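See structure below.
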């Protein structure tokens with residue numbers, strides 16, 4: 001059982017974006033469920049593993065249109081870090097640019 | 001012409017299309033068998049009503065040289081197919097590209113998050129619920 005810890009960045013995103021209380025409550029419930037039971041990270045249909053670097057793993061948790069990006073660090077197994085929150089139909093400025101992806105592939 | 005032979009479309013047609021692969025290898029095999037039979041026929045001699053193989057006739061047999069050409073072509077085809085397979089295996093799959101794209105999106109967030117974590121700027125889920133709950137939240141109902 002882990003505790004979900006929200007970074008300032010995630011809290012700021014929740015504050016700035018026009019999310020409804022219902023959407024946020026549902027998302028928090030899903031994040032809490034995932035944090036309570038780490039097996040959800042591997043088996044839940046609401047969780048998608050995005051990447052792994054030096055043992056740190058990143059996942060996207062979805063609840064309706066809402067998404068939370070969470071990370072786990074083997075150095076702190078009792079915590080699940082919520083890095084950011086966004087809505088699936090995000091604005092253009094939030095989207096990753098094609099150019100940056102192209103550059104990343106070339107690296 | 002050279003561009004056509006080296007184009008991705010041609011490579012895919014020659015080395016990836018199952019029907020073309022089956023037809024090419026089948027025809028090479030058939031042709032090889034026919035030529036091998038013709039070669040043996042051409043170097044067979046009848047001496048005193050007994051059939052013997054005169055191996056020294058080999059350089060004079062046209063079928064032998066055609067057979068060599070077929071073998072060389074088969075070798076080139078196999079070499080091309082092996083090169084194509086290796087290139088496909090080493091190339092990035094759609095999943096790889098998708099993973100890189102997502103990682104690219106998430107990397108800046110991870111950097112920002114690490115800074116927050118190092119500075120202890122973390123809030124529990126209860127804090128967040130209080131902030132964005134029905135009475136205290138700044139979001140719309």
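The values are calculated or read from the model by the stated rules, or taken from the named source; none is laboratory data. Since we're looking at a predicted model, the values are computed, not measured. Note that we place each Cβ from the backbone using ideal geometry, even for glycine, and neighbour counts take in every protein chain shown.
Summed over the range B:93-125, residues that are more than 11 Å from residue A:50 (Cβ to Cβ), within 41 Å of the chain's Cα centre (by Cα) and more than 7 Å from chain A (Cβ to nearest Cβ) total 7. Identify all residues within the range A:12-34 that are closer than 23 Å to residue B:118 by Cα and at pLDDT 90 or above; write none if there are none. Matches in the range A:12-34: A:31, A:32.
Within the range A:6-15, is even one residue assigned to a loop (DSSP other than H, G, I, E, B) and either within 8 Å of chain B (Cβ to nearest Cβ) or in contact (Cβ under 8 Å) with a residue 12 or more places away in the chain (or both)? There is no residue in the range A:6-15 that is assigned to a loop (DSSP other than H, G, I, E, B) and either within 8 Å of chain B (Cβ to nearest Cβ) or in contact (Cβ under 8 Å) with a residue 12 or more places away in the chain (or both).
Those strands (runs of 3 or more DSSP E) of the range B:14-131 in which at least 2 residues are exposed (fewer than 11 other Cβ atoms within 10 Å of the Cβ), considering only elements entirely within it, cover B:44-47, B:50-53.
Of everything listed in (1) in a helix (DSSP H, G or I); (2) crowded, with 16+ Cβ neighbours inside 10 Å; (3) at the interface with another protein chain (Cβ under 10 Å from one of its Cβ atoms); (4) touching a residue at least 12 places away in the same chain (Cβ under 8 Å), the single unmet condition for residue A:85 is (1). For residue A:73, the test of being at pLDDT 85 or above, within 11 Å of another protein chain (Cβ to nearest Cβ) and surrounded by fewer than 21 Cβ atoms within 10 Å (Cβ to Cβ) is passed.
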